[in-house]
Amino acid sequence: MYTTILALHSWVRWLVLLAGVAATLAAVLDKSAAPDGRADRFGLFFMMAADIQMLLGLLLYLVLSPFTAEAFKNFGLAMQDPKLRFWAVEHITTMFVAVILVHVGRVLARKAKTPAAARMRRIAFFGFATLLMLAGTPWPGMPNGRPLFRL
């Protein structure tokens, strides 16, 4: 089950990153910032994709991952191991903050008093969330790197 969920988590990351870029670009290009416009729909899709990815990640983190299971045995010792610390703290914290930013950005944009304010909130929150996701992803070649595509 671990390998299946891990592969799914790996593939869904591309959907989330693509949705993040698309939502940010839609906010940049859509000057109207209508509450039911293109930017809002892309933002909704980004939020849903990020939520699915977070649920898969939490399943790995809390139930299936041998890395976090090892880290939970002795958390103090795990903090001294950069590889375990990345999976036990850094990756999940970065991604969790990114998902929160997507949600907050969407809500604040929908509650904005002007279309310009809604647009700027979407650009800022969706853009920063996407950058955080890119930064927290274990890219190949990094110390905790993973393959681009798992089969």
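Sort through GLY145, GLY141 and tell me the only one that's touching a Pro at 6+ places or on another chain (Cβ under 8 Å) and without any contact (Cβ under 8 Å) to a residue 40 or more places away in the chain.
Of the residues listed, the single one that is touching a Pro at 6+ places or on another chain (Cβ under 8 Å) and without any contact (Cβ under 8 Å) to a residue 40 or more places away in the chain is GLY145.
Among what's in segment 59-69 and is touching a residue at least 12 places away in the same chain (Cβ under 8 Å) and more than 13 Å from VAL89 (Cα to Cα), pick the residue that is surrounded by the fewest Cβ atoms within 10 Å (Cβ to Cβ).
The qualifying residue surrounded by the fewest Cβ atoms within 10 Å (Cβ to Cβ) is PRO66.
For the subset of segment 112-124 comprising residues that are touching a residue at least 24 places away in the same chain (Cβ under 8 Å) and over 12 Å from SER32 (Cα atoms), which member is surrounded by the fewest Cβ atoms within 10 Å (Cβ to Cβ)?
The qualifying residue surrounded by the fewest Cβ atoms within 10 Å (Cβ to Cβ) is ALA112.
Restricting to segment 99-111, and then to whatever is surrounded by fewer than 24 Cβ atoms within 10 Å (Cβ to Cβ), in contact with a helix residue (DSSP H, G or I) (Cβ under 8 Å, 6 or more places away or on another chain) and hydrophobic (A, V, I, L, M, F, W, C), can you tell me which residue is nearest to TYR61 (Cα to Cα)?
VAL99
For the subset of segment 70-110 comprising residues that are of a type in the set (D, E, K, R) and in contact (Cβ under 8 Å) with a residue 60 or more places away in the chain, which member is farthest from ILE123 (Cα to Cα)?
The residue in question is LYS83.
Laboratory data are not the source of any read-out in this text; all were calculated from the coordinates shown. Treat the numbers as computed from the prediction; the structure is a model and nothing was measured. Cβ sites come from the backbone with ideal geometry, for glycine too, and all protein chains shown count toward neighbours.
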